[in-house]
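See structure below.
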Amino acid sequence: MMEILANKYLWGAVLSSAIAQSIKVLAVLIRTGKLDVQRMIGTGGMPSSHSSSVMTLTTMVGLSEGFKSPLFGVVAFLSLIIMYDAAGVRKAAGEQARVLNVILEEVFQGHPISEKRLKELLGHTPKEVIVGALMGIALGIVFHHIW
């Protein structure tokens, strides 16, 4: 258990994700004047915390183990899959949820069926993924030199 708690790669990725999520909270606060702490655990938005965390991990592994190492190859490949999913599959699911919400409003207007709406902010735009990835690389370099 102590080895897990002392794992700088794990904590670098976790911290990177927390920083990205905090930026989302601050952005909403600045834009709307409201503190939305739900953004700390919500998906979607700028920057992508998925991209940030996996690229922090990938960068730290590359700097520690070498960019030719098998471990770097595995981490980099899985990071690309996660970022592709964040921008592709989950983005499409969010768009489908938006369309379904409109259909439900139109079809059942005046006929209450459910107050619950489908979650629309699921994925990321390519820009959000790229910014998250760049942030993750920068944080990976910083964390590698700190730890």
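A compact table of results
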quantity: Subset of the stretch 18-37 that is under 22 Å from Val129 (Cβ atoms) and of a type in the set (S, T, N, Q) - its residue that is surrounded by the fewest Cβ atoms within 10 Å (Cβ to Cβ); calculated: Ser22
quantity: Near pairs, Cβ below 7 angstrom, 6+ apart or cross-chain, from the stretch 46-60 (under 9 Å from Leu139 (Cβ atoms)) to any residue that is of a type in the set (S, T, N, Q) and modelled with pLDDT under 95; calculated: none
quantity: Whichever residue in the stretch 1-30 is at pLDDT below 95 and not in a helix (DSSP H, G or I) and, among such residues, is nearest to Trp147 (Cα to Cα); calculated: Ala6
quantity: Of the criteria (1) modelled with pLDDT under 90; (2) over 21 Å from the mean Cα position of the chain (by Cα); (3) part of a loop (DSSP other than H, G, I, E, B), which one Phe67 fails; calculated: (1)
quantity: Single residue of the stretch 123-138 satisfying the filter (buried (at least 20 other Cβ atoms within 10 Å of the Cβ) and of a type in the set (A, V, I, L, M)) that is modelled with the lowest pLDDT; calculated: Val129
quantity: All positions within the stretch 1-17 that are among the small types (Gly, Ala, Ser) and either over 22 Å from Val61 (Cβ atoms) or surrounded by 15 or more Cβ atoms within 10 Å (Cβ to Cβ) (or both); calculated: Gly12, Ala13, Ser16, Ser17
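The values are calculated or read from the model by the stated rules, or taken from the named source; none is laboratory data. Quick caveat, the model's predicted, so the values are computed rather than measured. Here the Cβ is made from the backbone with ideal geometry for all residues, glycine too, and neighbour counts use every protein chain on show.
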